[in-house]
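Derivation of every value follows stated rules applied to the coordinates shown; laboratory data play no part. Since this is a predicted model, take the numbers as computed values, not measurements. FYI the Cβ positions are ideal-geometry reconstructions off the backbone, even for glycines, and counts take in every protein chain you see.
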Amino acid sequence: MVKKILFFIGFTLCVATLFSGCGRSREKGMGDKELIRINDTSVSIEEFQQISEGQSLEGKMRLLDEKGLRDFLENYVVTRELLYQEAKMKGFEKNPEIKVKLENFRKMTLIDALLEEALKGKTEVSESEIQQYYREHRDHFIEPLEVKIRHVFVTSEPTLKEVFMRLSQKEDFAKLASVYNMDMSRGDGGSLGWIRRGQLAPSFSQFEETAFSLKNKGEISEVVQTGMGYHLIQLEDKRGEVLRPYEKVKEGTRLFLQTKKRQDAYLLYVKELKSKAKIAVNEKLWTEEEKKGSKLKEEKRNEERTMGEKPKNESSKK
């Protein structure tokens, strides 16, 4: 919010300075609201502001001084307009494929605007709703108090790929750790013993989170990258259970409920639209399309089957 306020103040001051004629005087014959003219196309101060508002927050922050704003005007707005004019001159807007893309983009833009209006206010989640979900779904927030783990720890991607290859061949995790590990755990097959939440340094927070996310004994994690290298974690055992505190999960639960509410509201809105609409399917044409799809799938299966048989045939010839 502070960034947005700063941007608004800085942007307003910069535009005022730019528009008042900083660096260059206004060309004769230009209108009061005409900021720049590119060939025969004018860009007003209001259009310039709209283009600026459409930038990402990071992009907007670059517009907080006159130099950044001027650079944006000359190297983005002017360049964009010149490229657009050139594309029109070369007749790209008449290209059938581009017409379809433009129409699809127009439709999606209108749909986004419609849904923004239709779903407004329907995704808000109250504190009491979050608390209720927390009470009724406590099993979602229970995690092991301690986990016993091993890890394979390497420092290069080629070595990591080699480990993956050997794991895919069902080689023992502890054995691989004793061969590849780059730390003291190598002598004990990568064993790190029992660990509790919060026991590891902050730089290993992702490592810890991944270790506690493992559910079944023997389960191996995805790759975890730390400042030291690459880790694969295997769960050996877990003991005890703890309910994650409400304050720790509140914001994540809020986001989950907001997403769910939006999805539910969207599905209900579409259902209502369908109930009011007249929808007819040409079943004959649809059946023909289905047959085409089935035929293509069968041809693809036959092709894959043939490709799979080639090595056998070649070896039998030998």
Per-residue ³J(HN,Hα) for the stretch 40-52, Karplus 6.51 cos²θ - 1.76 cosθ + 1.60, θ = phi - 60°, Hz, x for Gly and Pro
9, 9, 9, 10, 7, 5, 5, 5, 4, 5, 5, 4, 5
Collect residues whose amide H, placed 1.01 Å from N in the peptide plane, falls under 5 Å from the amide H of Glu236; neighbours closer than 5 in sequence don't count.
Lys148, Ile149, Arg150, Gly218
How would the stretch 142-243 be classified by its alpha-carbon gyration tensor: rounded, prolate or oblate, with rounded meaning a/c under 1.5 and the a/b versus b/c comparison settling the rest?
prolate
Counting other Cβ atoms within 10 Å, keep those with at most 15, restrict to DSSP loop, and tell me which GluC sites (Glu not before Pro) in the stretch 131-228 are left.
Glu171, Glu219, Glu222
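Exceeding 23 Å between C-alpha atoms, which entries from my cross-link table qualify? They are Lys33/Lys94; Lys122/Lys250; Lys107/Lys274; Lys271/Lys295. Numbers along the way, then the final one.
Values: Lys33/Lys94 32 Å; Lys122/Lys250 19 Å; Lys107/Lys274 18 Å; Lys271/Lys295 33 Å.
Pairs exceeding the cut-off: Lys33/Lys94; Lys271/Lys295.
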For the chain, the dipole about the Cα centre with charges only on Cβ (Lys and Arg +1, Asp and Glu -1), to the nearest 20 debye, works out at 800
Just to be sure I follow the rule: in the stretch 142-243, considering lysines 8 or more places apart or on different chains, how many pairs have Cα atoms under 18 Å apart?
10
Tabulate in residue order the Karplus-calculated ³J(HN,Hα) for the stretch 223-237, using 6.51 cos²θ - 1.76 cosθ + 1.60 with θ = phi - 60°, rounded to whole Hz; enter x for Gly and Pro.
5, 10, 9, 10, x, 8, x, 10, 10, 10, 10, 10, 7, 9, 6
Picking from Leu57, Leu160, Leu232, which is most flexible by a Gaussian network model of the chain using Cα springs under 10 Å?
Leu57
Helix 127-136 sits off the longest principal axis of the Cα atoms of the chain, rounded to the nearest 10 on a 0 to 90 degree scale, by 20
Among Lys90, Lys260, Lys60, which comes first, second and so on when ranked by fewest other beta-carbon atoms within 10 Å?
Lys90, Lys260, Lys60
Okay, helix-only estimate at 222 nm for the chain: each DSSP H run of n ≥ 4 adds -39500 (n - 2.57), divide by all residues, round to 500 deg cm²/dmol; what do you get?
-18500 deg cm²/dmol
Summed side-chain charge close to Ile111 - residues other than Ile111 whose Cβ falls under 14 Å, Lys, Arg +1, Asp, Glu -1:
-2
Just the Cα atoms of the chain, one point each, no solvent: what log10 I(q)/I(0) does Debye give at q = 0.07, 0.09, 0.13, 0.16 Å⁻¹?
-0.68, -1.03, -1.10, -1.19
Suppose every Lys and Arg Cβ carries +1 and every Asp and Glu Cβ carries -1, with no other charges. What dipole size does the stretch 215-310 come out with about its Cα centre, to the nearest 20 debye?
540
Is the stretch 117-175 rounded, prolate or oblate when judged by the Cα gyration tensor, a ≥ b ≥ c being the square roots of its eigenvalues, rounded requiring a/c under 1.5 and prolate requiring a/b larger than b/c?
prolate
Is there a quick way to get the dipole size of the stretch 55-132? I mean about its Cα centre, with the Cβ of Lys and Arg at +1 and of Asp and Glu at -1; what is the value in debye to the nearest 20?
520
